[in-house]
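Data first, discussion second: the structure below is written as structure tokens.
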Amino acid sequence: MAQKDTQTAEQLAGAFRALSNANRLRIYQVIVSHCREHGKADLEDVPAGCAFGDFMKRLNIGAPTVSHHVRELAEAGLIRVERAGRRRYCHAEPAMQARLAAFFEL
């Protein structure tokens, strides 16, 4: 297996590990859905990001749990987190979405 193939396999394995938790999967689904509805994420257009508070309300889970799951998703390369003042916003990573789509097209 070529080095690029090995690297892609490792990235996908990390993404699948992160998504194997039901709460993380639900959070990721909310982020992807929100980004699809609102187009490209841009902090100038605040509604384009999913704020942590949105997850707590939509999924009925507490702030420490949300923070933990969001950190896991970010470390797996599935999302990126940006700060705007005291708020943090999550955006789906298009490159990882493309890798996942390509995997499932096999």
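The values are calculated or read from the model by the stated rules, or taken from the named source; none is laboratory data. Predicted, not measured: the structure shown is a model, and the values here were computed from it. Here the Cβ positions follow ideal geometry from the backbone for every residue, glycine too, while neighbour counts run over all protein chains shown. With ligands, DNA and RNA removed, areas are computed over all heavy atoms of the protein, side chains included. Shrake-Rupley method; radii C 1.70, N 1.55, O 1.52, S 1.80 Å.
Of note:
- Residue that is modelled with the lowest pLDDT, among those in region 27-37 that are exposed (fewer than 15 other Cβ atoms within 10 Å of the Cβ) and of a type outside the set (Asp, Glu): 36
- Filtered residues of region 65-106 (kept if assigned to a loop (DSSP other than H, G, I, E, B), among the small types (Gly, Ala, Ser) and touching a residue at least 12 places away in the same chain (Cβ under 8 Å)): 76, 77
- Some residue of region 40-62 being at pLDDT 85 or above and either outside any strand (DSSP E or B) or small (Gly, Ala, Ser) (or both): no
- Residue match in region 55-64 (condition: in contact (Cβ under 8 Å) with a residue 12 or more places away in the chain, farther than 14 Å from residue 30 by Cβ and open to solvent by 50 Å² or more (accessible area, probe 1.4 Å)): no
- When 71, 83, 87 are checked against the criterion of being at pLDDT below 80 and among the basic types (Lys, Arg), 87 stands alone in meeting it.
- When residue 12 is tested against (1) modelled with pLDDT of 85 or more; (2) open to solvent by 30 Å² or more (accessible area, probe 1.4 Å), exactly one condition is not met: (2).
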